[in-house]
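Visitor: I have a structure here, written as structure tokens, and I will follow up with some questions on it.
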Amino acid sequence: MTSDIRTGMAILDEDACWSRLATVGLARIAIAIAGDLEVFPVNIVVDDRSIVFRTGEGTKLAAAVIAPQVVVEADHVDSVTARAWSVVVKGRAERLERFADIYYAEELPLPTWTSHPKQWFVRVQPTEITGRAFTAVTTG
């Protein structure tokens, strides 16, 4: 693992990024659409070095599949050790449309926070993944 000379943060390699991402169920997806930026919380699951989330009809689904690129970010801070990490995945989102892909996605351990119907699955195929690990500064 290398360190960022400016910040002292550990630079995570690709395997470490995917390993950390696989431990969280919540991330944020950022999308630039129609000259505006939108950020949405999404429940995620890592599947074979891609990210899958579920959503209903609406802005998030439309923007994700229209935008040429999306960014998914997840992070975590251990409340006991103050060790923290952040991973950013850039890539292309695609709505799953083939029945075989949808049936497969339905079997993934994908958490949900709401009872709102979410009938669509979206897979983010990464073009780049980066991450940092560091000790969080606590105040108080």
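The values are calculated or read from the model by the stated rules, or taken from the named source; none is laboratory data. Not measured: the values here are computed from a predicted model. Every residue, glycine as well, gets a Cβ built from its backbone with ideal geometry; the counts of neighbours run over all protein chains shown.
Visitor: With the structure loaded, tell me whether V52 is closer than 22 Å to Y104 by Cα and either in contact with an Asp or Glu (Cβ under 7 Å, 6 or more places away or on another chain) or β-branched (V, I, T) (or both) or whether it fails that test.
Guide: Values: closer than 22 Å to Y104 by Cα: yes; either in contact with an Asp or Glu (Cβ under 7 Å, 6 or more places away or on another chain) or β-branched (V, I, T) (or both): yes.
Yes: the conditions hold for V52.
Visitor: With respect to A67, determine if the residue is surrounded by 15 or more Cβ atoms within 10 Å (Cβ to Cβ), closer than 19 Å to L21 by Cβ and small (G, A, S).
Guide: On the way: surrounded by 15 or more Cβ atoms within 10 Å (Cβ to Cβ): yes; closer than 19 Å to L21 by Cβ: no; small (G, A, S): yes.
Considered against the rule, which asks whether it is surrounded by 15 or more Cβ atoms within 10 Å (Cβ to Cβ), closer than 19 Å to L21 by Cβ and small (G, A, S), A67 comes out as no.
Visitor: Sticking with this structure for a sec: Taking segment 14-54 only, how many residues are among the basic types (K, R), touching a residue at least 60 places away in the same chain (Cβ under 8 Å) and either crowded, with 18+ Cβ neighbours inside 10 Å or part of a strand (DSSP E or B) (or both)? I'd like the intermediate steps shown before the answer.
Guide: Filtering segment 14-54 down to residues among the basic types (K, R) leaves 20, 28, 49, 54.
Those still in the list that are touching a residue at least 60 places away in the same chain (Cβ under 8 Å) too: 20, 49, 54.
Within this subset, residues satisfying the condition of being either crowded, with 18+ Cβ neighbours inside 10 Å or part of a strand (DSSP E or B) (or both) are 20, 54.
Qualifying residue count, segment 14-54: 2.
Visitor: Same structure again: Quickly run through segment 86-114 and pick out the residues that are of a type outside the set (S, T, Y) and surrounded by 16 or more Cβ atoms within 10 Å (Cβ to Cβ). Steps first, please.
Guide: Keep residues of segment 86-114 that are of a type outside the set (S, T, Y), which gives 87-102, 105-111, 113.
Scanning segment 86-114 gives V87, V88, V89, K90, G91, A93, L96, A105, L110.
Visitor: List the strands (runs of 3 or more DSSP E) inside segment 67-140, counting only whole elements, that have at least 2 residues being out of contact with any Gly (no Cβ under 8 Å at 6 or more places or on another chain) and of a type in the set (D, E). If you could, list the steps in order and put the result at the bottom.
Guide: Numbers: elements: 70-77, 83-95, 120-135.
The strands (runs of 3 or more DSSP E) meeting that bar are 70-77.
Visitor: Next up: If you scan segment 115-133, which residues turn out to be within 18 Å of the chain's Cα centre (by Cα) and loosely packed, with under 11 Cβ neighbours inside 10 Å?
Guide: Taking segment 115-133 first, the residues within 18 Å of the chain's Cα centre (by Cα) are 118, 120-133.
Residue satisfying the conditions is T127 alone.
Visitor: When you check V80 against the structure, is it within 10 Å of the chain's Cα centre (by Cα), within 25 Å of G131 (Cβ to Cβ) and among the aliphatic types (A, V, I, L, M), yes or no?
Guide: On the way: within 10 Å of the chain's Cα centre (by Cα): no; within 25 Å of G131 (Cβ to Cβ): yes; among the aliphatic types (A, V, I, L, M): yes.
In short, no.
Visitor: Considering every residue within segment 76-85, establish whether at least one is polar (S, T, N, Q), exposed (fewer than 15 other Cβ atoms within 10 Å of the Cβ) and under 30 Å from T138 (Cα atoms).
Guide: Let us first name the residues in segment 76-85 that are polar (S, T, N, Q), namely 79, 81.
Now restrict to residues that are exposed (fewer than 15 other Cβ atoms within 10 Å of the Cβ): 79, 81.
Subset that is under 30 Å from T138 (Cα atoms): 79, 81.
Yes, segment 76-85 has at least one match.
Visitor: Kindly indicate which of E128, E94 is under 20 Å from R20 (Cβ atoms) and touching a strand residue (DSSP E or B) at 6+ places or on another chain (Cβ under 7 Å).
Guide: E128
Visitor: Okay, moving on. Which pairs turn up if I take residues in segment 98-120 that are under 15 Å from F53 (Cβ atoms) and modelled with pLDDT under 95 and look for partners that are assigned to a loop (DSSP other than H, G, I, E, B) and of a type in the set (S, T, Y) with beta carbon separation below 8 Å, at least 6 apart in sequence or on another chain?
Guide: K118/T112
Visitor: When only residues in segment 1-13 that are of a type outside the set (A, V, I, L, M, F, W, C) and surrounded by 12 or more Cβ atoms within 10 Å (Cβ to Cβ) count, which is modelled with the lowest pLDDT? Walk me through how you get there before you give the answer.
Guide: At the first step, the residues of segment 1-13 found to be of a type outside the set (A, V, I, L, M, F, W, C) are 2-4, 6-8, 13.
In the following step, the residues that additionally are surrounded by 12 or more Cβ atoms within 10 Å (Cβ to Cβ) were identified as 3, 13.
On the way: S3: 73, D13: 96.
In this case the residue turns out to be S3.
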